[in-house]
Amino acid sequence: MRQILVAGNWKLNGSRDSIEQLLSGIVAGAGAAANVQIAVCPPFVYIPQVAERLAGSPVAWGSQDISDQDSGAFTGEVSASMLNDFNCKYAIVGHSERRSLYAEDDAFTARKFAAARKGGLIPILCVGETLEEREQGVTESVVARQLDAVIELEGVAALNDAVIAYEPVWAIGTGKTATPQQAQDVHAFIRGKLAELNVGVADKVQILYGGSVKGANAAELFAMADIDGGLIGGASLDANEFLKICSAGA
Ligand code: PGA
């Protein structure tokens, strides 16, 4: 049985004070969803604050990005070993905003995925098509290409220690959620593709859905056979809303 994982991606939001408030709310309510894995991914600079606040709580934390390098002359980068120093469990890699706004391609994303694993972090590998790609009917080939870059570099077994997040770009931050069936279809495609290579990996890997998940639509999404939780943007910035989503997986 795969557990439900609900991970908050705070993106470029928060301050010391707002994060303290948000974490207090989340920690106070997390017990109500004891069988759900919960995580938050703050901006890098707030990771020490989050690590201190959440230590000993059931809520894990991770980064929104990670360097493909471990150390050296790479100005502005943050490595897996640095994230490990602050007990990060997860690292998001290949979020569509990194891919589209910062021109991170499949090969670069795969190297980040490899760096996260090598450093003992669980990569949350984001895949998903744009609206144009969906309308052209190429959703599956886009998602397959994004997965293949990682599988070619690291092998399919690497996904044993990873999470996949299917995030249709047209549903991110738009209020336009994929229907549970639209999401399920792509999740089943991903799991089927992995099963052709390794049934054990396909059975084990958590595949999250991301894109305008809210308290009001989480339960119907999480009820689908191949949806194992969510990667939550906007709604993860509000403790009550985030907790509603967590409870939907309980
Ligand atoms: P959203 O973002 O929930 O605000 O749509 C999801 C994401 O980008 O991970």
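Bear in mind that the values in this text are calculations on the coordinates, not laboratory data. Given the structure is predicted, the values throughout are model-derived calculations rather than measurements. Don't worry about glycine lacking a Cβ; one is built from the backbone with ideal geometry, like all the others, and counts go over all protein chains shown.
With a Cα-only, solvent-free Debye model of the range 92-250, what are the log10 I(q)/I(0) values at q = 0.13, 0.15, 0.16, 0.18 Å⁻¹? Ignoring solvent entirely, the Cα scatterers give -0.56, -0.76, -0.87, -1.11.
Projected onto planes of every orientation and averaged, the convex hull of the alpha-carbon atoms in the range 1-158 covers 10.8 nm².
In summary, the lysines within cross-link reach of Lys89, defined as a Cα separation below 28 angstrom excluding same-chain residues under 8 places away, comprise Lys11, Lys112, Lys118, Lys193, Lys204, Lys214, Lys244. Shown here for the range 147-209: trypsin sites (Lys or Arg not before Pro) in loop regions (DSSP other than H, G, I, E, B) with at most 13 other Cβ atoms within 10 Å, namely Lys176. The residues Thr174, Thr75, Thr109, when put in order of fewest to most other Cβ atoms within 10 Å, stand as Thr75, Thr174, Thr109. Look at the alpha carbon pairs under 8 Å that are at least 6 residues apart: their mean separation over the length of the range 5-248 gives a relative contact order of 21 percent.
Report summary: the helix-based calculation at 222 nm, which adds -39500 (n - 2.57) for every DSSP H run with n ≥ 4 and divides by the residues of the chain, gives -13000 deg cm²/dmol. The equivalent ellipsoid that matches the C-alpha gyration tensor of the range 44-84 spans semi-axes of 23, 9, 8 angstrom, in descending order.
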